[in-house]
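All remarks here apply to the structure that follows.
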Amino acid sequence: MPVRPHRTVDRVIGILEAVAMNPRGVTLAELAAALGAAKSSVQELTNGLLARGYLIEDDRRFHLGPGPFIVAARANKLAALSLDHQFLAELSKVLRCTVLVGVRVGDALVYADHAGQESPSLTFVARTHARRPLFTTAAGKTLLAGVPDEEMYRLLELAGTEQAGEVRQFLAELPEIRSRRLAFNRGVTFKDAFAVATPLLTSDGSPIAAITAAVDPTEADRLDDVGEELKKAVAVLGPRYGLNHA
């Protein structure tokens, strides 16, 4: 069967992500509003998550329970989530700009960590671990270009009709992304976001993440040079942390 979204699964994930992003906890009414669903439907899901330890309830507010953390601790196969922060810090120092590590989560790009100067938009997205479309961000384009064509087109088909132009733009850029091992975001997602990304591999050659270098808009004209410097820096520093570059 083809891989496609499932409403119940989407709602469960939506509940967990909404709760995870709010340290004060989330009420049932807030969850229902966020999901655009009836409170009775959402309550059935929260009851199930409470029963399995994926949520806890305190003063009528939901918080993450131990379940998600236990699953992550048992699996922990995504090396990018445990990537040494010092690696990013060294890259940021060498490149003299903000550096972020992004991973693919389903059909989206999520930034797992960052180092360097604060960027009003990018570092906020990194701090909140917000989902971003794969085909618009530099890191997302890098990861999307690295999957087999069948999987790539399946992911692109999930885009809404209002995103058709962005999908076409990604496909136009695809040959260059694959040949140069670089993908760019030139103020597309945010007006101050000028970034370039390159793939990150484990020691056995498996892709695990994309490393992004983001510059100030006043330095947008040097983004191509930053991309080449990024590839060289990852090639030099990566092996010290058990990582390779494509």
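In order along region 171-181, phi translates into HN-Hα couplings of 5, 5, 7, 3, x, 5, 4, 6, 7, 8, 6 Hz, rounded to whole numbers, per the Karplus curve 6.51 cos²θ - 1.76 cosθ + 1.60 with θ = phi - 60° and x for Gly and Pro. In summary, the aspartates and glutamates within cross-link reach of LYS39, defined as a Cα separation below 12 angstrom excluding same-chain residues under 8 places away, comprise GLU30.
Taking Cβ atoms as reference points and 10 Å as the exclusive limit, the residues near GLY25 contribute a net charge of -1, counting Lys and Arg as +1 and Asp and Glu as -1. For the chain, averaging the sequence separation of C-alpha pairs within contact (under 8 Å, six or more residues apart) and dividing by the residue count gives a relative contact order of 15 percent.
Order these peptides, 127-136, 233-242, 6-15, by their mean beta-carbon neighbour count within 10 angstrom, highest first.
Ranked by mean Cβ neighbours within 10 Å, highest first: 127-136, 233-242, 6-15.
Computed from the C-alpha gyration tensor, the three semi-axes of the ellipsoid equivalent to region 97-229 are 21, 16, 15 Å, from longest to shortest. Relative to the 2.2 N^0.38 Å rule of thumb, the chain has a C-alpha radius of gyration ratio of 1.07.
Taking amide H positions as modeled 1.01 Å from N, with prolines and chain starts lacking one, the residues under 5 Å from ALA112 and 5 or more places away or on another chain are VAL101, GLY102, VAL103.
Each stretch of four or more DSSP H residues adds -39500 (n - 2.57); spread over every residue of the chain, this sum gives -13500 deg cm²/dmol at 222 nm. The phi-based Karplus calculation (6.51 cos²θ - 1.76 cosθ + 1.60; θ = phi - 60°) puts the 3J(HN,Hα) values of region 212-221 at 10, 10, 10, 10, 5, x, 5, 10, 4, 6 Hz, whole numbers, x for Gly and Pro. Please compute the net charge surrounding LYS141, taking Lys and Arg as +1 and Asp and Glu as -1 over other residues with Cβ under 12 Å from its Cβ. That sum, taken over residues with Cβ under 12 Å, equals +3. How big is the accessible area of HIS63 in square angstrom, nearest 10, if you roll a 1.4 angstrom probe over the protein chains? About 50 Å², ignoring ligands and nucleic acids. Taking the chain as a Gaussian network of alpha-carbon nodes connected by springs under 10 Å, the highest mean-square fluctuation of the residues GLU176, GLU162, GLU151 belongs to GLU162.
Computed over region 207-246, the alpha-carbon pair-distance distribution with 10 angstrom bins reads 27, 48, 22, 2, each value a whole percent.
One quarter of the surface of the convex hull around the alpha-carbon atoms of region 163-246 equals 6.0 nm², the direction-averaged projected area. Specify whether the C-alpha gyration tensor of region 83-129 places it in the rounded, prolate or oblate class, a ≥ b ≥ c being the square roots of the eigenvalues: rounded for a/c under 1.5, otherwise prolate if a/b is larger than b/c and oblate if not. Oblate. For a straight C-alpha distance cut-off of 30 angstrom, the lysines reachable from LYS141 (same-chain residues fewer than eight places away being disregarded) are LYS77, LYS93, LYS191, LYS231, LYS232. Note that region 127-136 has calculated 3J(HN,Hα) couplings of 5, 8, 6, 5, 7, 10, x, 5, 8, 10 Hz, one per residue in order, obtained from phi through the Karplus relation 6.51 cos²θ - 1.76 cosθ + 1.60 (θ = phi - 60°); glycine and proline are x. Relative to the Cα centre, the charge distribution of region 95-188, modelled as +1 at Lys and Arg Cβ and -1 at Asp and Glu Cβ, gives a dipole magnitude of about 340 debye.
The values are calculated or read from the model by the stated rules, or taken from the named source; none is laboratory data. Note that the structure is a prediction, hence the values are computed from the model and not measured. Cβ sites come from the backbone with ideal geometry, for glycine too, and all protein chains shown count toward neighbours. We work out accessible area using only protein heavy atoms, side chains counted, and drop any ligands, DNA or RNA first. Shrake-Rupley method; radii C 1.70, N 1.55, O 1.52, S 1.80 Å.
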